[in-house]
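S.K.: Following this message is one structure expressed as structure tokens.
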Amino acid sequence: MKKYGVNELREMYLSFFESKEHLRMKSFSLVPQNDKSLLLINAGMAPLKPYFTGQEIPPRRRVTTCQKCIRTGDIENIGKTARHGTFFEMLGNFSFGDYFKNEALQWSWEFLTEVVGLDKDRLYPSIYLDDEAAFEVWNKVIGVPAERIYRFGKEDNFWEHGEGPCGPCSEIYYDRGMKYGCGKPDCAPGCDCDRFMEIWNNVFTQFYGDGKGGYTELSQKNIDTGMGLERLAVAVQDVDSMFDIDTMKAIRDAVCSVAGVEYLKEHKIDYSVRVIADHVRSVTFMASDGILPSNEGRGYVMRRLLRRAARHGRLLGIDHPFLTDIARVVIDCSYDAYPELADKKDYINKVLSSEEAKFYQTLDSGLNILQGYMEEMKAAGLTSLEGAKVFKLYDTYGFPIDLTKEILEEQGMAADEEGFQSEMQAQRQRARDAREETNYMGAKATVYNQLDPAMVTSFDGYGQLEMEGCEIIAMTGENEVIGEAEEGASVTVFTDVTPFYGTMGGQVGDIGLITTPTGKVKVTSTIHAIGDKIGHVGQVTEGYISVSQKAHMAVCKENRLATARNHSATHLLQKALRNTLGSHVEQAGSYVDPYRLRFDFSHFQAMTAEELTKVEQEVNRMVLEAMPIVTNVMTMEEAKKTGAMALFGEKYGAEVRVVSMGDYSVELCGGTHLTNTAQVGSIKILSENGVAAGVRRIEAVTGMGALEHYAAQEKKIEEAAEALKAKKDTLGEAARSAMQQIKELQKEVQTLQSKLASNAAADMINRAETVGQFKLLTVYEKDMDMNALKNLGDTLKDKLGECVLALACGTDKLNLVVMASDNAVKAGVHAGNIIREAAKVAGGNGGGRPNMAQAGARDASKALEALTKAAEAAKAQLG
């Protein structure tokens, strides 16, 4: 048998099923679309659920894919053995109501034995206990002896996931040989050792489970096949584990080269090498699909993987940023099958290098905090670090518990692992509570689920805004499908064809009017429902309308043009951002309506005023150049040759729309656009800010929106000029002069306050209390500011000599200052500890040095109580 490489095996599989009349589909993004039940795609069938349930019509009834998948249920144990990884590729062939067990099992056998060349005598099928139909195919049709067919129970050979489609499975095990076995005489398929490896699983989706043990036969029976590409490669290449197959070995070798270590010499080193190889592979693919590290959701999964890899790099002695070096190998090994890796290479490198740098900073911070915890423990005579603190290090600073344990053990200490796990469980519960409850599809059912899945709407509104003779093919009310609606009713109208653009890709849908012979509907929004259906949401304003009527459809021209103006401007904006900031800039989201545009993009720091000006000027130059905006429909391959930019996670069909603005901007886009950049009018950037880790947002206006903005700014300038009694062209000079006068007056006020404080100090001194050899004085001056209060404190301290002072000011929020003379500090006074106790009384916190500390608190009405507490604390310290 030839030892095929991973890339060869993938192509062999997909080509084989193409020969069996399957449609080869590209891998879907790792980011689930319209499925809130998953953070990340974790199985080949996950993106195809709408086809399995019949909610959407598949492009063909036979489909084959190689799907990118990530499973992260047990991240902490990845690398400890060579059996598991987080990222994997799932080969799949799927039937949506077409072929069933007979064809699926025969093709499985044919591919493994005749195409790949695996030894038939080393293959062992398994079936569900009473699945006699599958047994007949294996035994009678294919010819596998009965004693080589294993029957397993529901736990192993029946696939179900709560309520939804389910059914029995038939797996194929490969005997890797005794060298991988446990040596037990009863070792056989199903054993926990590594000898018999499951490489193929045919799921026969023939039932619908209610989630309570009840099953009904499906009218449309489906095939869901899953075969891990890496597992197949392990068998074909006859290697020990997935870390030894050709592509993973290349990544593993790169890690060893950077670290200067050798694999299979020491378990500790092997563990770290495997962690880095696996995790960098995962985060490289995640970044290529637009996922960014963050503190929640899939972004948090990515951050954990990335930081875990970086930390294991440190354990191997790597003292410089290295993750992008490993990512380059990942890209080189897989870009033929996943061209987005090469297309987004600069972006991937920027994401990884930025997060790696952040991690090293937080790692150092975590080490300092852990050091502080250990000093506190030593002072208190403790040997176990409480679980809440271990969790804080882990959650806030990305500090793995095993690193915390290792450092503690070096000092003869330990971590409270039980308390840590309790905190982890609480966090998981919070995440579950925050997650929306979903069904099998990962989305709440709506009235649109009741519509015929075969029903579709054709959009024909790129070149026209009005259409005659459109047939109403369905209508819904708020809760049910209806046949007729009268005046005042809220409806969603579906037609066979429409010029109305439905909300999609960040562009809001059209508004307008639907007119039938008997009534009118004012359309207030246009949506995409399940499948290729476009719904016109609105209200019947005249007469009545009914299904099967012919309708005149009229889109609001002014609204469409204003929206298109903002949409076309986002294309110019993205190009200008890439020219100014770099090729790592990628669209991370957008929103365009008739009034403004919002554009989210990948960038890892705030833009400077100069950069924003440069971008805005470049866009406006392109507007003034009056470039033609041309849209062409072409194949994806043809589009790539034009250099057209694609969006993360977007599902593109066989043909795509390419929107070109002169030679300046070329993007794949299904939205509506202008015909010339001059129609934008102008663009004005209103704001730029961060919305997530590594994601910035620009908000802007165009056309009339920009003119209205300039008019509003002009009015504000006039009002300011009038207030300062200045002309508009000298407004800046007048404002600077007014500010200078204000500063001078503030200085005079501070001088007067200091004099008043000095005069008042004489009276205050008389109120000082004697505690041993020290004076103790508390003062509340509600109308003073903090600077004046500190000055007062300095004056009192000079006049009292050996003393402890507790001062407060403020009528809304409370400010506190505690001061102590040098000898008072020697006698045991600590201003920071005193002020901490006092601030708590008024709902605040603070701290500081032994001789001086300050704090803020929310409740100024508790000023006297806070000062009383300060006095009590000072007396206690003075003994």
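The values are calculated or read from the model by the stated rules, or taken from the named source; none is laboratory data. Predicted model only: the values in this text are computed from it and were never measured. All Cβ positions, glycine included, derive from the backbone under ideal geometry; neighbour counts span all protein chains shown. When the accessible area is computed, the model is the full protein with side chains, heavy atoms only, and any ligands, DNA or RNA have been set aside. Shrake-Rupley method; radii C 1.70, N 1.55, O 1.52, S 1.80 Å.
S.K.: Of these, Val273, Val255, which one is part of a helix (DSSP H, G or I), in contact with a Cys (Cβ under 7 Å, 6 or more places away or on another chain) and more than 27 Å from Pro32 (Cα to Cα)?
M.R.: Values: Val255 fails: in contact with a Cys (Cβ under 7 Å, 6 or more places away or on another chain).
Checking each option against the conditions leaves just Val273.
S.K.: Restricting the search to region 356-380, which residues are of a type in the set (Lys, Arg) and either open to solvent by 80 Å² or more (accessible area, probe 1.4 Å) or within 18 Å of Glu409 (Cα to Cα) (or both)? Outline the logic, then answer.
M.R.: Applying the first criterion (of a type in the set (Lys, Arg)) to region 356-380 yields 358, 378.
Within region 356-380, Lys378 is the sole residue that qualifies.
S.K.: A further question on this structure: Report, by residue number, each residue of region 303-340 that is closer than 18 Å to Lys249 by Cβ and among the polar types (S, T, N, Q).
M.R.: Ser334
S.K.: Among the residues of region 70-102, which ones are out of contact with any strand residue (DSSP E or B) (no Cβ under 7 Å at 6 or more places or on another chain), part of a strand (DSSP E or B) and among the polar types (S, T, N, Q)? Walk me through how you get there before you give the answer.
M.R.: Step one: list which residues in region 70-102 are out of contact with any strand residue (DSSP E or B) (no Cβ under 7 Å at 6 or more places or on another chain), which gives 71-83, 102.
The next check asks that each one be part of a strand (DSSP E or B); those that pass are 78, 81.
If the condition is that a residue be out of contact with any strand residue (DSSP E or B) (no Cβ under 7 Å at 6 or more places or on another chain), part of a strand (DSSP E or B) and among the polar types (S, T, N, Q), then Thr81 is the only one that fits.
S.K.: Of the residues Arg621, Arg598, which single one is among the basic types (Lys, Arg) and without any contact (Cβ under 8 Å) to a residue 24 or more places away in the chain? Before you say what the answer is, go through the steps one by one.
M.R.: Values: Arg598 fails: without any contact (Cβ under 8 Å) to a residue 24 or more places away in the chain.
Only one candidate passes the filter, namely Arg621.
S.K.: OK, next. Somewhere in region 298-310, is a residue over 22 Å from the mean Cα position of the chain (by Cα) and surrounded by fewer than 19 Cβ atoms within 10 Å (Cβ to Cβ)? Explain how you work it out, then say what you get.
M.R.: Going through region 298-310, the residues over 22 Å from the mean Cα position of the chain (by Cα) turn out to be none.
No, because not a single residue in region 298-310 is over 22 Å from the mean Cα position of the chain (by Cα) and surrounded by fewer than 19 Cβ atoms within 10 Å (Cβ to Cβ).
S.K.: Within region 285-341, take every residue that is assigned to a loop (DSSP other than H, G, I, E, B) and acidic (Asp, Glu) and give me the one that is farthest from His603 (Cα to Cα). Before the answer, list the steps.
M.R.: Kept after step one, since they are assigned to a loop (DSSP other than H, G, I, E, B), are these residues of region 285-341: 289-296, 316-322, 335-339.
From what is left, the residues that are acidic (Asp, Glu) are 289, 296, 319, 336.
Values: Asp289: 16, Glu296: 19, Asp319: 26, Asp336: 27 Å.
Looking at the filtered set, the residue picked out is Asp336.
S.K.: Got a number for residues in region 1-55 being among the hydroxyl-bearing types (Ser, Thr, Tyr), over 25 Å from Pro165 (Cα atoms) and either crowded, with 16+ Cβ neighbours inside 10 Å or at pLDDT below 95 (or both)?
M.R.: Result for region 1-55: 2.
S.K.: Name every residue in region 548-572 that is open to solvent by less than 50 Å² (accessible area, probe 1.4 Å) and more than 25 Å from Met504 (Cα to Cα), in order of residue number.
M.R.: Within region 548-572, Gln549 is the sole residue that qualifies.
S.K.: Tell me the strands (runs of 3 or more DSSP E) entirely within region 431-537 that contain at least 1 residues that are at pLDDT below 95 and within 30 Å of Arg298 (Cα to Cα).
M.R.: Values: elements: 466-476, 484-486, 490-495, 512-516, 519-529.
Of the strands (runs of 3 or more DSSP E) lying wholly inside region 431-537, those with at least 1 residues that are at pLDDT below 95 and within 30 Å of Arg298 (Cα to Cα) span 519-529.
S.K.: Across region 852-879, what is the total count of residues that are open to solvent by 50 Å² or more (accessible area, probe 1.4 Å) and either touching a residue at least 60 places away in the same chain (Cβ under 8 Å) or touching a strand residue (DSSP E or B) at 6+ places or on another chain (Cβ under 8 Å) (or both)?
M.R.: 8
S.K.: I need the full set of residues from region 668-680 which are surrounded by 17 or more Cβ atoms within 10 Å (Cβ to Cβ) and of a type in the set (Gly, Ala, Ser), in order please.
M.R.: Of everything in region 668-680, those that are surrounded by 17 or more Cβ atoms within 10 Å (Cβ to Cβ) and of a type in the set (Gly, Ala, Ser) turn out to be Gly670, Gly671.
S.K.: Only residues that are over 30 Å from Asp510 (Cβ atoms), at pLDDT 95 or above and within 18 Å of the chain's Cα centre (by Cα): list them for region 573-621, please.
M.R.: Once the filter is applied, which keeps residues that are over 30 Å from Asp510 (Cβ atoms), at pLDDT 95 or above and within 18 Å of the chain's Cα centre (by Cα), region 573-621 yields nothing.
S.K.: Here is a follow-up. Identify all residues within region 532-562 that are among the polar types (S, T, N, Q) and in contact with a His (Cβ under 7 Å, 6 or more places away or on another chain); write none if there are none.
M.R.: At the first step, the residues of region 532-562 found to be among the polar types (S, T, N, Q) are 539, 541, 546, 548-549, 559.
Within region 532-562, none qualify.
S.K.: Looking at Lys179, Lys154, Lys184, Lys140, which is the one that is modelled with pLDDT of 95 or more, over 23 Å from Gly97 (Cβ atoms) and not polar (S, T, N, Q)?
M.R.: That would be Lys140, the only listed residue that is modelled with pLDDT of 95 or more, over 23 Å from Gly97 (Cβ atoms) and not polar (S, T, N, Q).
Residues checked against (1) within 25 Å of Glu865 (Cβ to Cβ); (2) of a type in the set (Gly, Ala, Ser); (3) open to solvent by 80 Å² or more (accessible area, probe 1.4 Å):
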residue: Ala720; (1), (2), (3): no, yes, no
residue: Arg736; (1), (2), (3): no, no, yes
residue: Gln750; (1), (2), (3): no, no, yes
residue: Ala760; (1), (2), (3): yes, yes, no
residue: Phe774; (1), (2), (3): yes, no, no
residue: Asn787; (1), (2), (3): yes, no, yes
residue: Leu792; (1), (2), (3): yes, no, no
